Amino acid sequence: MQKGIIIKALSGFYYVSSDGVTYECKARGSFRKSGVSPLVGDYVEFEKVGEGNGIVDKIMPRKNFVARPPVANIDKLFIVSSFSSPQPNTSIIDKMTVIAEYNKIEPIIVFNKCDMGDFSHFQKIYQNAGFKTYVVSAADGRGYEALTEEMKNCVSAFTGNSGVGKSSILNRIFGEEKIATGEVSEKLGRGRHTTRHTELYALPFGGFVADTPGFSSLELDNKDYELKENLSYNFRDFEPFLAECKFTSCTHTKENGCGILKAVKSGKIEATRHKSYLELFEEMKDLKPWEAKNHRKF
């Protein structure tokens, strides 16, 4: 048996990368009987059959998985904003961090287009909240050495509004000196006639980046009762103050004796972070257990 990672799934075939070689594999029929299907990002054991072919025999335990888009074992979600067109939106960034935290994915904040202005205000918000934060410029390469170091030897995905420069960041990371820009765009599914499917691409410095349309506009599943009940625990900067709430049933919205409100007032929690919490709380507050969905959107 050999071990590898599924980098693409297409028409019933699974393409497994192992020691720098990609094998075209089918899955054993036992997976269909068990109701578990291999996903892109799964670490698997497979048996080689002939030259360049194989059979997926076993899926290793997953650290996380995403139903839509279908991908497993994402280590880091890079949440990209730009200085302008559009400007950073803390509500959207915070919603993405909640989605990532809830699904045991490390959120990383990236501000692109620093050649156009100063991100220090936004950078301070997220550094104070405990997030790794990178300021880069796809135009001149500033900040890329640190960003690529963060991506080494892990499985990454990028999300952010249209126009923030996700494609430009990936193009620069792959290196125009190695692959022409147009080819990178096509390789990453940006070409006009390219079939869109979930795929992992090997990074030149080690690790993989996921290319999938689903990561471009992630939505919070406000029908997830478990998330509603644990919303405050998915704001990492709230955790040190939750034990200071006077009542165990505290919603951290307006109660007297709330440790979170006290921390916001003293500046220990950023006001924009609490504002985002209130927005999400309002979206989900009326959800009852019997109305909840039985699956996660992400």
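Shape verdict for the chain, please, from the Cα gyration tensor: rounded (a/c under 1.5), prolate (a/b greater than b/c) or oblate. Oblate.
Close amide H partners of Asp42, meaning residues 5 or more places away or on another chain with modelled amide H under 5 Å apart, are Ile6, Ala72. Residues in the range 65-71 carry Karplus couplings, in order, of 8, 10, 6, 9, x, x, 7 Hz; the curve used is 6.51 cos²θ - 1.76 cosθ + 1.60 with θ = phi - 60°, and Gly or Pro positions show x.
Which value, in Å², gives the accessible area per residue of the chain when a 1.4 Å probe is used on the protein heavy atoms? Kindly include the intermediate steps, with their values, before the conclusion.
Numbers: 14950 Å² over 298 residues.
Ligands and nucleic acids excluded, the figure is 50 Å² per residue.
Cysteines in the chain that lack a partner Cβ within the 4.7 Å cut-off: Cys25, Cys114, Cys154, Cys258.
Couplings 3J(HN,Hα) for the range 23-30, derived from phi with the Karplus relation 6.51 cos²θ - 1.76 cosθ + 1.60 (θ = phi - 60°), are 10, 8, 10, 9, 9, 4, x, 4 Hz, where x marks Gly and Pro.
How high is the relative contact order of the chain, in percent, with contacts defined as C-alpha pairs under 8 Å that are six or more residues apart? Result for the chain is 16 percent.
Within straight-line reach of Lys8, meaning a Cα separation under 16 Å, sit the following lysines at least 8 residues removed in sequence or on another chain: Lys26, Lys187. Once the C-beta distance of Glu24 and Lys132 is scaled by a Förster radius of 30 Å, the resulting FRET efficiency is 0.25 to the nearest 0.05. Where only DSSP H runs of four or more residues are counted, the chain gives -7500 deg cm²/dmol as its mean residue ellipticity at 222 nm, each run worth -39500 (n - 2.57). For the residue pairs Lys3/Lys132; Lys104/Lys275; Lys63/Lys275; Lys48/Lys166; Lys76/Lys254, alpha carbon separations beyond 27 Å are given by Lys3/Lys132; Lys63/Lys275; Lys48/Lys166; Lys76/Lys254.
For trypsin sites (Lys or Arg not before Pro), the sites in the range 13-115 that DSSP calls loop and that have at most 16 other Cβ atoms within 10 Å are Arg28, Arg62, Lys63, Lys104. Loop-resident GluC sites (Glu not before Pro) (DSSP state other than H, G, I, E or B) in the range 44-152 with no more than 10 further Cβ atoms inside 10 Å of their Cβ: Glu51.
Carbon-plus-sulfur accessible fraction, the chain (probe radius 1.4 Å, protein heavy atoms only): 49%. For the range 225-236, 3J(HN,Hα) computed residue by residue from phi via the Karplus equation (6.51, -1.76, 1.60; θ = phi - 60°) reads 5, 4, 5, 4, 5, 10, 4, 5, 6, 9, 10, 4 Hz, glycine and proline entered as x. Helix screen, the chain: DSSP H segments with Cα axial length of 15 Å or more and mean Kyte-Doolittle hydropathy at least -1.0 are 90-102, 271-284.
The values are calculated or read from the model by the stated rules, or taken from the named source; none is laboratory data. These numbers were taken from a predicted model, which means no experiment stands behind them. Counting neighbours? That spans all protein chains shown, and the Cβs are built from the backbone with ideal geometry, glycine included. Accessible surface is based on the protein model in full, side chains and every heavy atom, while ligands, DNA and RNA are left aside. Shrake-Rupley method; radii C 1.70, N 1.55, O 1.52, S 1.80 Å.
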